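Here's the structure, in structure tokens; my notes come after.
Values quoted throughout were computed directly from the atomic coordinates according to the rules given, and no laboratory measurement underlies them. Just so we're clear, the structure is a prediction, and the values are computed from it rather than from any experiment. Every residue, glycine as well, gets a Cβ built from its backbone with ideal geometry; the counts of neighbours run over all protein chains shown.
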Amino acid sequence: MSFIFRIIIIGIISFYMPHYLPWWSITIITFGIGFTFDENYFSHFLSGFIGVGTAWLFLLLSIDSSANSIISNKIIDLLEISSVNMLIIYTSIIGGFVGGIGSCLGKSLKDLLYKKKKKRDFKF
């Protein structure tokens, strides 16, 4: 339940945050979410990747449709990419990696600051 909840929170905030802050603000968001919740690193990376990746996919599709692909066509000419769809997929994958790494960084900072006590295996 926590995994899906993290994906939804990250996705919603990552969709609306680029309207007000720079694109790298998603790292701060996923860092905070990773610091707050306590699960394994793979789960944190995957939730950050899926949340930011899907949010950026929908954000890029809405920007591309509102601009009638004028900017996208100029970018694919510069980068020599085959189509606008591939540009959107590549960009959302890069955003997903940034989100996943930010979430893992939040988890690792929490592990550094709050070390768990080791349990003793022996009993008297």
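Among the residues of the stretch 42-70, those identified as surrounded by 12 or more Cβ atoms within 10 Å (Cβ to Cβ), more than 12 Å from the chain's Cα centre (by Cα) and hydrophobic (A, V, I, L, M, F, W, C) are 58, 59, 60, 61, 63.
Criterion applied to 5, 15 was being more than 12 Å from residue 100 (Cα to Cα) and touching a helix residue (DSSP H, G or I) at 6+ places or on another chain (Cβ under 6 Å), and the one residue passing it is 15. For the stretch 110-117, state whether one or more residues are within 17 Å of residue 30 (Cβ to Cβ) and in contact (Cβ under 8 Å) with a residue 24 or more places away in the chain. Yes, the stretch 110-117 contains a residue that is within 17 Å of residue 30 (Cβ to Cβ) and in contact (Cβ under 8 Å) with a residue 24 or more places away in the chain.
Scanning the stretch 29-39 for residues that are closer than 17 Å to residue 97 by Cα and more than 10 Å from the chain's Cα centre (by Cα) gives 32, 33, 34.
Applying a threshold of 6 Å to beta carbon distances and a minimum spacing of six or more residues, or different chains, the list of pairs starting in the stretch 44-55 at a residue that is in contact (Cβ under 8 Å) with a residue 40 or more places away in the chain and ending at one that is among the basic types (Lys, Arg) reads 44/107; 47/6. Within the stretch 23-36, if we keep just the residues that are assigned to a helix (DSSP H, G or I) and of a type outside the set (Ser, Thr, Tyr), the residue that is surrounded by the fewest Cβ atoms within 10 Å (Cβ to Cβ) turns out to be 28. Right, residue 62: assigned to a helix (DSSP H, G or I), among the hydroxyl-bearing types (Ser, Thr, Tyr) and within 20 Å of residue 19 (Cβ to Cβ) or not? Considered against the rule, which asks whether it is assigned to a helix (DSSP H, G or I), among the hydroxyl-bearing types (Ser, Thr, Tyr) and within 20 Å of residue 19 (Cβ to Cβ), residue 62 comes out as yes.
Screening residue 39 against (1) buried (at least 20 other Cβ atoms within 10 Å of the Cβ); (2) not in a helix (DSSP H, G or I); (3) not small (Gly, Ala, Ser) leaves a single unmet condition, (1). Note on the stretch 4-22: residues that are surrounded by 14 or more Cβ atoms within 10 Å (Cβ to Cβ) and either among the aromatic types (Phe, Trp, Tyr) or under 11 Å from the mean Cα position of the chain (by Cα) (or both) total 8.
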